[in-house]
Amino acid sequence: MRDIINIILICLPVIGFSVAMTVSASTEHNSDDWLDDFSEKDASKVNEGVLTFLDTPVDRNSLHSANIFTIRESSLQTGWVGLKQCYRNLDATGRVEIVYQYRQMEKLRIVHQQGIAKAVIVNQSIQLEDVSAGANICVQAEVRVFYFNPDGSYSLINGPYMRKFLDGYYPYYVTMEIHYPGSLLLFKNTRPRAQKGFKVENTLNMLHIKAWFEGELMTDIRFLPDSRL
């Protein structure tokens, strides 16, 4: 059974109400149909977490999760990849706790922060205090999220990303930049597929994804071993 991976961002705003925004990744799946469940449900239920891609980009000042994954040659054997993750345009809060529940995570460290009075790593969490509106924080780590599939392909699994307040889901902007060894891997496809609100661009040794959505977003980014090898 593959690991369950969760990243939870809990905000306690100074204005007296609580907000929970969750970014998590589940790598436990037994069927190619598991991601389709997120995209084929009735869009009218978006407030219950159903994925709905947006026709136009969210406001440039909205919460943005920027993720950079580095797949190395060794990742094909070990499943470990490099991760750099930045939360941008955070809301003003008195306290924020970013909780990582990766079963296989190493070397978590803060590499940048702005507009945050205090940021401390405690085990697999980051405790923030006195967060200003528009604040940013970036972390780096090693995570095991790259898997070999029975059909001979490889999957980079990530999500679900969500921005939740009380019982509703709000627009969220997520970007993913995946660096991979083009001499060993060929990009196959993404699930969900590329569409309005989910842009996929593949260039030499790099895949770039931009997503504007409400609800919960899971991604499965698939690669094939280069048949020329």
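The values are calculated or read from the model by the stated rules, or taken from the named source; none is laboratory data. If you're wondering where the values come from, they're calculated on a predicted model, not measured in any experiment. In this analysis, Cβ positions are derived from the backbone assuming ideal geometry, glycine residues included, and neighbour counts consider all displayed protein chains.
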> Here is a list of conditions, (1) at pLDDT below 95; (2) among the hydrophobic types (A, V, I, L, M, F, W, C); (3) over 18 Å from the mean Cα position of the chain (by Cα), and F38 meets all of them except one; can you say which number that is?
Replying inline: (3)
>> Suppose we keep only residues that are among the aromatic types (F, W, Y) and under 20 Å from N149 (Cα atoms) within the stretch 58-87. Which one would you say is farthest from the chain's Cα centre (by Cα)?
In response: W80
> Would you pick out the residues in the stretch 174-210 that are farther than 24 Å from D55 by Cβ and without any contact (Cβ under 8 Å) to a residue 60 or more places away in the chain?
Replying inline: G182, S183, L186, F187, K188, T203, L204, N205, M206
>> Here is a check on your reading of the model: is A194 buried (at least 20 other Cβ atoms within 10 Å of the Cβ), among the small types (G, A, S) and out of contact with any Cys (no Cβ under 7 Å at 6 or more places or on another chain)?
In response: no
> Among strands (runs of 3 or more DSSP E) lying entirely in the stretch 98-199, which contain 2 or more residues that are over 16 Å from D220 (Cα atoms) and at pLDDT below 95?
Replying inline: 105-122, 125-144, 154-165, 172-179
> Can you name the residue in the stretch 65-94 that is in contact with a strand residue (DSSP E or B) (Cβ under 9 Å, 6 or more places away or on another chain), among the charged types (D, E, K, R) and in contact (Cβ under 8 Å) with a residue 60 or more places away in the chain and is also farthest from Y173 (Cα to Cα) among such residues?
Replying inline: R72
>> Within the stretch 214-229, take every residue that is surrounded by 16 or more Cβ atoms within 10 Å (Cβ to Cβ) and over 13 Å from the mean Cα position of the chain (by Cα) and give me the one that is nearest to M176 (Cα to Cα).
In response: R222
